[in-house]
Amino acid sequence: RKEVEQDPGPFNVPEGATVAFNCTYSNSASQSFFWYRQDCRKEPKLLMSVYSSGNEDGRFTAQLNRASQYISLLIRDSKLSDSATYLCVVNRGRGSARQLTFGSGTQLTVLP
Amino acid sequence: DVKVTQSSRYLVKRTGEKVFLECVQDMDHENMFWYRQDPGLGLRLIYFSYDVKMKEKGDIPEGYSVSREKKERFSLILESASTNQTSMYLCASRATVYEQYFGPGTRLTVT
């Protein structure tokens, strides 16, 4: 089983739509969770951290369910510029050996 | 702005050649990482380093080695390149656990 699993998509949605991505992780000891965004032929960049109580950044909302080991990302009012691959990321290890484990990504295309 | 640079964007090498991929960061980060990214497999960690001259194996270290002689530079070495090492290689650096900064990547083709 992969440590971080995501639906690869692709998700093709019209502008203005609301879209949700889900992710599950296998290591119950994980403490930190993130969503990264990767544009086509570009490097991944941090989109947002995910906190236990859920958090929002503009049109983006992230949720964490530790009991189910499940993370989600909701994008409201989709824009063309939201087209990208969204990577679910979970930490593992401790201290200086702490590393990030990346999911394979969910591809989103927002259509005009 | 944090900047992570990689020595080449595209590289073509022959099977059996020794290949060096260089990565430099300008933010005095302690932690540096090498990943490869393949379709359907996502980013997989090859090696990482949390200090000068320190290195740790990641999930797929076989066929690779690394060198970190200076804090800002982390090199990935393919001792004898093989066709299954054709991939996108991404270097990253990080000061805290919260944000990891990636370089633009090197697309390596081994023929």
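The values are calculated or read from the model by the stated rules, or taken from the named source; none is laboratory data. Since the structure is predicted, the reported quantities are computational estimates derived from the model, not experimental observations. We place every Cβ from the backbone using ideal geometry, glycine too, and count neighbours over all the protein chains shown.
Please work out which residue is surrounded by the fewest Cβ atoms within 10 Å (Cβ to Cβ), limiting yourself to the stretch B:17-39 and to residues that are away from chain A (no Cβ under 14 Å) and either of a type in the set (S, T, N, Q) or in a strand (DSSP E or B) (or both).
Result: B:20.
Go through the stretch A:27-46 and give me each residue that's surrounded by 19 or more Cβ atoms within 10 Å (Cβ to Cβ) and either assigned to a strand (DSSP E or B) or aliphatic (A, V, I, L, M) (or both).
Correct list: A:33, A:34, A:35, A:36, A:37, A:38, A:44.
State yes or no: is residue B:90 more than 14 Å from chain A (Cβ to nearest Cβ) and modelled with pLDDT of 95 or more?
no
If the requirement is being buried (at least 16 other Cβ atoms within 10 Å of the Cβ), under 16 Å from residue A:45 (Cα atoms) and either among the aromatic types (Phe, Trp, Tyr) or free of Cβ contacts under 8 Å to residues at least 40 places away in the same chain (or both), which of these qualifies: B:50, B:64, B:89?
When all the criteria are applied, what remains is B:89.
Restricting to the stretch B:53-86, give me the number of residues that are farther than 22 Å from residue B:31 by Cβ and of a type in the set (Ser, Thr, Tyr).
Final tally of qualifying residues: 4.
Any residue at all in the stretch A:53-70 that is modelled with pLDDT of 95 or more, within 12 Å of another protein chain (Cβ to nearest Cβ) and either farther than 30 Å from residue B:106 by Cβ or under 10 Å from the mean Cα position of the chain (by Cα) (or both)?
Taking every residue of the stretch A:53-70 in turn, none turns out to be modelled with pLDDT of 95 or more, within 12 Å of another protein chain (Cβ to nearest Cβ) and either farther than 30 Å from residue B:106 by Cβ or under 10 Å from the mean Cα position of the chain (by Cα) (or both).
Would you pick out the residues in the stretch B:65-87 that are more than 19 Å from residue B:41 (Cα to Cα), away from chain A (no Cβ under 14 Å) and either under 10 Å from the mean Cα position of the chain (by Cα) or not in a loop (DSSP other than H, G, I, E, B) (or both)?
Across the stretch B:65-87, the qualifying residues are B:65, B:66, B:67, B:69, B:70, B:73, B:74, B:75, B:76, B:77, B:78.
Read through the list (1) at pLDDT 95 or above; (2) part of a loop (DSSP other than H, G, I, E, B); (3) closer than 14 Å to residue B:101 by Cα, then give the number of the only condition that residue B:62 fails.
(3) is the only condition that residue B:62 fails.
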